[in-house]
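The values are calculated or read from the model by the stated rules, or taken from the named source; none is laboratory data. Source: prediction; values computed, not measured. Here the Cβ positions follow ideal geometry from the backbone for every residue, glycine too, while neighbour counts run over all protein chains shown. Accessible surface areas use protein heavy atoms only, side chains included; no ligands, DNA or RNA. Shrake-Rupley method; radii C 1.70, N 1.55, O 1.52, S 1.80 Å.
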Amino acid sequence: MTESNRNRVDRDGCERTCKSTFEKPNLNGDRLNFYLLIILYIIQGIPVGLSGALPIILQSKKMVTYEDQAAFSISLWPYSMKLIWAPIVDALYVKRIGRRKSWLIPLQFLMGVLVLYIASNIDNWLPESGKPNLKMLIIVVFVVNILSATQDIVVDGWALTMLKKKNVGYASTCNSVGVPFGMFLGSVCFTLIVSEQFNVTYFRAVPGAGGLLTMKSYLYGYGTAILVITSIVAIFKKEKDSRLEEGHVNINVFQNYKLLWDILKLPQIRILAVALMTTRIGFTATDSVSNLKLIDAGVSKENIMIITSALYIIKLIMPIFVSKYVTGPKPMSYFLKITPFRLLWCISYVVLIYYTPSLIRKDGLVAVPIYYNFIMGLVLISNEMLSFFMLLTLFAFFCRLSDPRFGGTYMTLFNTFFYLGFLLSNTLVLKLVDFFTFRKCSNNDLNSCSAPDLKNLCKENGGSCVISVDGYYIVVFMSLIVGFVWYGVFRNIIKKYQSLSISHWMINIKRPTAQTAVESCLIPT
């Protein structure tokens, strides 16, 4: 028999075995694990939420530029860098503690302590008035996100073995419910609870009383919660011996990096990497800049966050209705169907932002009518619902391609491609908005306000620097072109990839002597 015939027989045998051993997902016996994973993802999501709330708070203070916002966006980069240390996390552990708990416990304890340190200094770094200490905010948020990103590696890997094999598809639901809810606590709740305007408007507080909680109190509560939950997991959650995991292969750090390199050498992985790194470029301008532009136009951060809170409620409910689609055999079919509609929906953001000043300002004063909040809510919520459903399908796709033996490495690889593309394009978009924005002095068209001296000269002459060309619209148009090009190039490729058997995504690696029936599904071609 030729080598090609043997490969064909292996592949056919793999597919027959996979079909014969397929079991319908059922959470009976897995519910506690399911809820624990959601809690761990919530802990991970809160720093991401804080990283999104702080730019909005900074923008509302009118003390930062889009260049500063681009600098702050670097604090989220650890999520695109975690692939560097993922093989170490996946390979090194203390057997007595457990493969995942060896990392999870110290990581979350460190995160809790660091959050408490931030709480004790936040009033100095982000004062009510005056220029914030942007450098320290970037550093501490960056370090917290390193810990959170590493925790993501651990939890993603643990999800593939904590849940029963038939329930592995629910790992994407845990991620897509837990992380957004954590982001809700870290962004919407944080922004509204510490806002004096929200307290005065909705709780009839006396002006000057501050928010319902101070930033310091909120962060102290979050840090303490991390320490308590981590202690409970350390004491009561038992992790099964990694040697008993189905198809487990014990490899060292060097072998893990080699494993990563071998995965990257697969032709379909390289093409998928390009697709994942570019998939969000079409939406980045509206996702990253639109809320900041609304604040510049006069919409309060409290109004935006109230609408966003309704959005998170929808996100919590959506998985109940869409899980049967994302856990199906071809989740990316839905991703591709929604992509062009979401690209076109970006235009609604452009229209909303363009007309916002004329809709909410009267005689130079901001007076937001009720109908405007409904329009803004429709635009924001519709966009985020489409985005969230696409995210669910994408994570389900990742789970189906991941080998449980090296789950942390596989899941981290796919997530890194996805988030790297978003974070790099996010920083680039913020810089481009600033680059393509041109200003002029209100009483001197020859003064371009392009330098500090020209800005001061305009102010001394009784004028103000106003925008003559808004770079936001230029960048959105450029992003949409890239988005539709992406759709034309990768549509058929992704359709083909999701139809491939699992064997096409696995690599050859030395196996233990004892083989199980399920392991035959992992035979490489």
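Summary of computed values
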{"read-out": "Kirkwood Rh in Å, taken over region 359-398 so that all alpha-carbon pairs contribute", "value": "12.3"}
{"read-out": "Solvent-accessible area, 1.4 Å probe, carbon plus sulfur percent, for the chain", "value": "65"}
{"read-out": "Coordinate range along principal axes, alpha carbons of region 106-219, Å, largest first", "value": "56, 32, 19"}
{"read-out": "Positive-end extreme of charge dipole, the chain - chosen from Ile42, Val476, Met376 (charges on Cβ)", "value": "Ile42"}
{"read-out": "Accessible solvent surface per residue of the chain, calculated while the other protein chains remain in place, 1.4 angstrom probe, Å²", "value": "46"}
{"read-out": "Förster radius 51 Å - calculated FRET efficiency between Lys258 and Asn444 (Cβ-Cβ, nearest 0.05)", "value": "0.20"}
{"read-out": "Scattering curve values for region 373-489, log₁₀ I(q)/I(0), Debye with Cα scatterers, q = 0.15, 0.17, 0.19 Å⁻¹", "value": "-0.89, -1.00, -1.10"}
{"read-out": "Cα→Cβ-extended label distance, 7 Å offset, between Lys165 and Glu128, nm", "value": "6.1"}
{"read-out": "Largest-first principal axis extents, alpha carbons of region 431-491, Å", "value": "56, 16, 13"}
{"read-out": "Given charges at beta-carbon only (K, R positive; D, E negative), |dipole| of region 397-491 in Debye", "value": "320"}
{"read-out": "Sequence-separation-based contact order of the chain, relative, with Cα cut under 8 Å and 6+ spacing, percent", "value": "25"}
{"read-out": "FRET efficiency, Val489 to Tyr325 (Cβ-Cβ, R0 41 Å, nearest 0.05)", "value": "0.95"}
{"read-out": "Length added when fully stretched, Arg361-Leu424, from 0.36 nm per residue minus Cα-Cα", "value": "19.2 nm"}
{"read-out": "Volume per residue that the Cα convex hull of region 80-149 spans, once the total is divided by residue count, Å³", "value": "81"}
{"read-out": "Ordering of 375-382, 53-60, 202-209 by burial proxy (mean other Cβ atoms within 10 Å per residue, highest first)", "value": "53-60, 375-382, 202-209"}
{"read-out": "Lys, Arg +1 and Asp, Glu -1 on Cβ, resulting dipole of the chain about Cα centre, debye, nearest 20", "value": "1440"}
{"read-out": "Cα pair distances exceeding 36 angstrom across the chain, given as percent", "value": "36"}
